[in-house]
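A.B. asks: I'd like to ask some things about the structure below.
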Amino acid sequence: IQTLMGAISSVAFAIFFNVRGRKLLLFFFGSALDWAVYLIAVHHGYNEFVGMLLATMTAALLSEVFARIIRAPVLILLVPMLVPLIPGRGLYNTMDAMIRGERARFLASGISTVSCAAAICLGIICVTAITHMLFTVWDHIRKRSNIH
C-alpha cells in the first residue's frame, strides 16, 4: 500500500505541474520502485540514511536512463520520482518540537531529517557524476571509432 501511495503521490505532483503523456507512467514506475527500495533496505536492517541513499540512487539512475530514452531533461523526471522520499514527517516533528520547546526531541528529529536530506543529495550527486563520466567516455569512444 505504501508503494502504491508513493507512486500515486508522484503522479499527482507531476499532474499538478502540468506534466502529461507517457511521462506519468515513468513517474509511477520510478517512484514505486524507489520507495520499494527504501522499504526493503530498512526492512533488512539498514538505517534510514542508507535506505534513503539507495532509494535516491535508484530514482536518479532511472531518471538518467529514462531521460535519454524520451529525450527530456533529467530533472523533469527526477523531481517527481523523489516526492515519496521527502522527509515530511521528520520536518513536521522537528518544527513541532521546536514550537513546544522540547530541545532533545527537536535535536533528534532535526538530525534525522537533515540526514535524510543529505542522503537524497548524496544519492543524486553520486549517480549524476558516475553517469556523466560514463556517457563522456562512451561519446569519446564512439567519436574515435567513427574517425578511424
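A.B. asks: Of the heavy-atom accessible surface of segment 1-66 (probe 1.4 angstrom), what whole percent is carbon and sulfur?
C.D. replies: Numbers: 2750 of 3700 Å².
Percent of accessible area from carbon and sulfur atoms in segment 1-66: 74.
A.B. asks: How large is ³J(HN,Hα) for each residue in segment 83-94, as worked out from phi by the Karplus curve 6.51 cos²θ - 1.76 cosθ + 1.60 (θ = phi - 60°), to whole Hz, x for Gly and Pro?
C.D. replies: 3, x, 8, 4, x, x, 4, x, 4, 4, 5, 5
A.B. asks: Further question on the same structure: Summing -39500 (n - 2.57) over the DSSP H runs of n ≥ 4 in the chain and dividing by its residue number, what mean residue ellipticity at 222 nm do you reach, to the nearest 500 deg cm²/dmol? Spell out each step's value before the answer.
C.D. replies: Values: 6 runs with 125 residues, N = 148.
So the helix-based figure for the chain works out to -29000 deg cm²/dmol.
A.B. asks: Could you tell me which residue out of Ile120, Ile141, Leu91 lies farthest along the dipole of the chain toward its positive end? Charges go on the beta carbon: Lys and Arg +1, Asp and Glu -1, centred on the Cα centre.
C.D. replies: The listed residue farthest towards the positive side: Ile141.
A.B. asks: If you place +1 on the Cβ of every Lys and Arg, -1 on the Cβ of every Asp and Glu, and leave all else neutral, what size is the dipole of the chain about its Cα centre, to the nearest 20 Debye? Write out the running numbers ahead of the final one.
C.D. replies: Details: 12 positive and 6 negative charges, 97 e Å.
For this selection, approximately 460 debye.
A.B. asks: Next question, about the same structure. If one computes the Cα centroid of segment 1-62 and of segment 77-115, what distance in Å separates the two points?
C.D. replies: Computed from Cα coordinates, the inter-centre distance equals 18 Å.
A.B. asks: Evaluate the Debye formula for segment 5-89 with equal point scatterers sitting on the alpha carbons, no solvent, and hand back log10 of I(q)/I(0) at q = 0.13, 0.25 Å⁻¹, in q order, two decimals.
C.D. replies: Debye curve over Cα of segment 5-89, log10 I(q)/I(0) at q = 0.13, 0.25 Å⁻¹: -0.37, -1.16.
A.B. asks: For the chain, I need the span (max minus min coordinate) of the C-alpha atoms along each principal axis, in Å, sorted largest to smallest.
C.D. replies: Largest to smallest, the principal-axis extents are 69, 30, 28 Å.
A.B. asks: Kindly report the accessible area of segment 7-148 per residue (heavy atoms of protein chains, probe 1.4 Å, no ligands, DNA or RNA), in Å². Could you put the intermediate results ahead of the total?
C.D. replies: Details: 8960 Å² over 142 residues.
The answer is 63 Å² per residue.
A.B. asks: Ranked from highest to lowest mean number of other Cβ atoms within 10 Å per residue, what is the order of the peptides 16-23, 94-101? Please list the in-between numbers first.
C.D. replies: Numbers: 16-23: 10.4, 94-101: 13.5.
Per-residue mean Cβ counts within 10 Å order the peptides as 94-101, 16-23.
The values are calculated or read from the model by the stated rules, or taken from the named source; none is laboratory data. As the structure is a prediction and not an experimental result, all values here were calculated from the model. FYI the Cβ positions are ideal-geometry reconstructions off the backbone, even for glycines, and counts take in every protein chain you see. The accessibility values were calculated without ligands, DNA or RNA, using every heavy atom of the protein model including side chains. Shrake-Rupley method; radii C 1.70, N 1.55, O 1.52, S 1.80 Å.
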